[in-house]
Amino acid sequence: MRPSRPPPLFGRELTRIHCVGVAGMGVGPLAIYLAQRGYVVTGEDDAPTEEMRAMLAREGVAIGPLPADCELVVYSSAIAATHPVYVAAVARHLPLVRRGELLAEVTRDRKLVAICGSHGKTTTTAMLVTALRRANFPAGYVLGGLFSDDTAPARAGSNEWVVAEIDESDGTIDRFSPELTIAVNLDWDHPDHYRQLSDLEATFAALFRRTRAAVVVSDSCAMSARVVARLGESAGEASPATDRETPMTLTFGRAGDFRGEIAVEGNEKLTLRLGGRFSLEEAVVRARGDFNAANATAALAGAQLMGAPVSRLALADFAAVRRRQSVLHSNGATILEDYAHHPAEIRALLASLRRRVTAPGRLIVVFQPHRYSRTAQFKAEFAAALATADGVHLLDVYAAGERPVAGGTTADVYAELKRGAPALAVSYFPGDDRPLFRSLSQEVRPGDLVAFVGAGDIDRKAREWLELRKADEARARGWDELLAGLKEAVTRGTRLRREEPLAGRTTLRVGGAARLLAEPASVADLQVLLREAAARHVPVFVLGRGSNLIVPDEGVEGLVISLTDDAWSAFTPRPDGTVWVGAGLRLKNLCGLAAKAGLAGFEFLEGIPGSVGGALRMNAGAMGGWMFDVVEEVQVATLDGEIKTLARAAMHVDYRHCAELQHVIALGARLRPAAGAAGDAVRQQMDVYARKRHESQPREPSAGCVFKNPPGTSAGRLIDECGLKGERVGDAEVSSVHANFIVNRGHATSADVLELVRRVRARVRQVKGVDLEPEVLLYGAKWEDVL
């Protein structure tokens, strides 16, 4: 039964409270606690889940706008002063308090057990609450999260005790004067509020001094030991703030005053061997890993110090906390998500998860950094922690209301990872999660453990990916059906492959796989492929020698057609003096065959690492010559399989572009040689051009010139003048030979290259005021989606 008259707040009879951010894990449980203490509670939230809405409704917390009779507004620290409710409350002269301030005030009349620290406080609080409930010890509690079952996240309780998770992130920790403080561990965090490590240590030292009875800290936490040492220096002296003696300090852990260590682990449970001040000799805990063993030891110590009759099975049915190693899927690969958002938490989490992975399974992490300030402060530490995984996928920073901070972006974490662990498979797709999700779906295989890690909305993203993965599996079945049907329809000479890696088919040597790759052996087979793709609305992409393109790491969602069969490499001189060349003929071979036949005018193509088809589509050029300088007509296939011949005079050609060839497949062209030089003179000119290329272009794998030359200048010159030669992301590097080339130093990924492209464009825009436009193709994707 709820009290008819709740206690005063801040010295006033305030009973009507409006909670802003009421569906969040900070304000939501507090709203429930307030309602149970007898206050009239309302609230609002920008994105309440149906589950949280129902939970609040059960406690009588109505969700809606600021009521006319509201007497107090409490808000999450994520709510800015510009929020409409904040502005309205100020206009109405209503008192505004943060979540921590009101929690401290409403628990002032109880014996408070404050669970604090950097990592694990929600789990430890939940374990302590579970142990107390199992002991029928009716303490109140306020959790900072949700149990994984239907246990309420807050209760008023009926005795003098209340257990609450308190947070140091916004400074409201200074308002609490607990009866008992349990610090699970301490690490420097929240650099936006605590500029120096010493500032955070001073905050916890002050909290410990305000504690009435006892402070319990981890025996393995160096920072906790330093803070406790400060208390020891003033032992026996009255605290200036409280006029009380310094509280008793105790430790928990493997060698603590309350000793606990894993005796047996298996079947999702731990058996802890207890010692020291514990009245129990062992305890069974429904959890896994050293980190949870430490949390359980702290929780059991707290329950004993509160006077609860704790049993061996107090935590045997612990329901766990959501977003703490919550398993979302376990069929084949195991998918889980965890709230870890500090390097120390991530390091401990991954160490625990590593023990759960058996070969050939891998530990794959999807990480969403939380807050720009934290990312800027700890990017190197994040990279070091993440490098213990077998693969890492990075999402954009979850800002949590912060403005961007220099050095605090996901791109900075990515750069740190590539610098510190160059061989690690890392991907980052800024702005759009879909490419990352596709890449992840292609990577994951049975036996893998995939951990979505972060404190933002990564739990929602994990579920989005699982839904997308189901759709991908359905699409995969569709691709398999298409492959089976095509095999029946084409001749045996046509090669068809599913999930064919494309990196080795490009000159840059990066990228993922084609969902389906076809190498047709004839025009007739090509027509079959195109007509079937059109009927099924399957995108079609043409791949030549892969010399002027970047394949994304997630691969290409479509039918990739490669004209590599000998049937497409024709070189046929004609009686009218022209020569017919197939689209699959390498430009180097075209030059050699022309020279052998005594035909001039093609020498400028020497050394361009592409095929005739690609040169036509891009109007390839070098040494003052352009592909369409020698073209008479082009034969093409439309995407529905129709064969056409296009005369040069009817085509619209300009720099690195031919409009008519963008949405068709070039099959070959009739070329007209130049009059004049022949024989040895042609070969000599080819040798001259080859030497120039060798001297002016890098030898490492590349995709050729990355950017188009802006009017009146050279892209390479602009990049060089910005000091970008040698700029590197992972194994992708701006060439020191020619600044408009990005080279692969050995293990570059497409993500490395794309991040370097973004970095170069940004620097040139900043220094030169010029927006460079990519010349190289982003194969199967659009540049505007990644730039």
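The values are calculated or read from the model by the stated rules, or taken from the named source; none is laboratory data. Note that this is a predicted model, so its numbers are computed, not measured. Every residue, glycine as well, gets a Cβ built from its backbone with ideal geometry; the counts of neighbours run over all protein chains shown. Accessible surface areas use protein heavy atoms only, side chains included; no ligands, DNA or RNA. Shrake-Rupley method; radii C 1.70, N 1.55, O 1.52, S 1.80 Å.
This table checks each residue for (1) open to solvent by 10 Å² or more (accessible area, probe 1.4 Å); (2) part of a helix (DSSP H, G or I); (3) under 21 Å from A255 (Cα atoms); (4) at pLDDT 90 or above.
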position	(1), (2), (3), (4)
D187	yes, no, yes, no
D192	yes, no, no, no
A202	yes, yes, no, no
S224	no, yes, yes, no
A241	yes, no, no, no
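What pairs can you find where one residue is in the range 640-666 and touching a residue at least 12 places away in the same chain (Cβ under 8 Å), the other is of a type in the set (G, A, S), and their Cβ atoms are less than 6 Å apart, with a gap of 6+ or different chains?
Final answer for the pair search is D640/A534; I643/A637; I665/A637; A666/A583; A666/G613.
Kindly indicate the residue of the range 417-427 that is open to solvent by less than 20 Å² (accessible area, probe 1.4 Å) and within 19 Å of G555 (Cβ to Cβ) and also nearest to the chain's Cα centre (by Cα) among those meeting that condition.
Checked the range 417-427; the qualifying residue nearest to the chain's Cα centre (by Cα) is S427.
Rundown of residues vs (1) without any contact (Cβ under 8 Å) to a residue 60 or more places away in the chain; (2) in a helix (DSSP H, G or I); (3) open to solvent by less than 10 Å² (accessible area, probe 1.4 Å), yes/no style:
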residue	(1), (2), (3)
A296	no, yes, yes
A299	no, yes, yes
V327	yes, no, no
A340	no, no, yes
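In the range 746-782, which residues are farther than 19 Å from R509 by Cα and within 20 Å of the chain's Cα centre (by Cα)?
Those that are farther than 19 Å from R509 by Cα and within 20 Å of the chain's Cα centre (by Cα): R758, R759.
Before we move on, is D170 in contact (Cβ under 8 Å) with a residue 60 or more places away in the chain, more than 25 Å from A54 (Cβ to Cβ) and surrounded by fewer than 17 Cβ atoms within 10 Å (Cβ to Cβ)?
No.
Here are some residues: T388, T334. Which one is closer than 21 Å to G447 by Cβ, polar (S, T, N, Q), at pLDDT 90 or above and open to solvent by 20 Å² or more (accessible area, probe 1.4 Å)?
T388
Can you find, within the range 619-629, the residue that is farthest from the chain's Cα centre (by Cα) among those that are surrounded by fewer than 23 Cβ atoms within 10 Å (Cβ to Cβ) and of a type outside the set (F, W, Y)?
D629
Hey, among L483, L508, L516, L502, which residue is of a type outside the set (S, T, N, Q) and touching a Pro at 6+ places or on another chain (Cβ under 9 Å)?
Step by step, each of L483, L508, L516, L502 is checked, and only L508 is of a type outside the set (S, T, N, Q) and touching a Pro at 6+ places or on another chain (Cβ under 9 Å).
Taking strands (runs of 3 or more DSSP E) that fall entirely within the range 482-588, which contain at least 2 residues that are open to solvent by 20 Å² or more (accessible area, probe 1.4 Å)?
In the range 482-588, the matching strands (runs of 3 or more DSSP E) lie at 495-501, 540-543, 571-573.
So which residues in the range 398-439 are over 18 Å from R460 (Cβ atoms), part of a loop (DSSP other than H, G, I, E, B) and out of contact with any His (no Cβ under 7 Å at 6 or more places or on another chain)?
Passing the criteria: E402, R403, P404, V405, A406, G407, G408, T409, A421, L424, P430.
Starting from residues that are in contact with a Ser or Thr (Cβ under 6 Å, 6 or more places away or on another chain) and open to solvent by 40 Å² or more (accessible area, probe 1.4 Å), keep the ones in the range 305-325 and report whichever is modelled with the highest pLDDT.
R322
Taking W465 as meeting all but one of (1) over 21 Å from the mean Cα position of the chain (by Cα); (2) aromatic (F, W, Y); (3) under 30 Å from V357 (Cβ atoms), write down the number of the exception.
Unmet condition: (1).
Condition test on A595, is it within 38 Å of the chain's Cα centre (by Cα), over 30 Å from F707 (Cα atoms) and open to solvent by less than 20 Å² (accessible area, probe 1.4 Å)?
No, not satisfied.
Could you check the range 265-290 and list, in sequence order, the residues that are assigned to a strand (DSSP E or B) and either open to solvent by less than 50 Å² (accessible area, probe 1.4 Å) or at pLDDT 90 or above (or both)?
Hits for the range 265-290 are G266, L270, T271, L272, R273, L274, G275, G276, E282, A283, V284, V285.
Tell me, yes or no, whether the range 589-596 has at least one residue that is assigned to a loop (DSSP other than H, G, I, E, B) and at pLDDT below 90.
No, there is no match, as no residue in the range 589-596 is assigned to a loop (DSSP other than H, G, I, E, B) and at pLDDT below 90.
Select from the range 717-731 the residues that are at pLDDT below 95 and either open to solvent by less than 10 Å² (accessible area, probe 1.4 Å) or among the aromatic types (F, W, Y) (or both) and list them in ascending order.
Hit for the range 717-731 is V729, nothing else.
Would you point out the residue of the range 732-785, among those that are polar (S, T, N, Q) and free of Cβ contacts under 8 Å to residues at least 60 places away in the same chain, that is surrounded by the most Cβ atoms within 10 Å (Cβ to Cβ)?
Step by step, filter the range 732-785, then rank; the result is N740.
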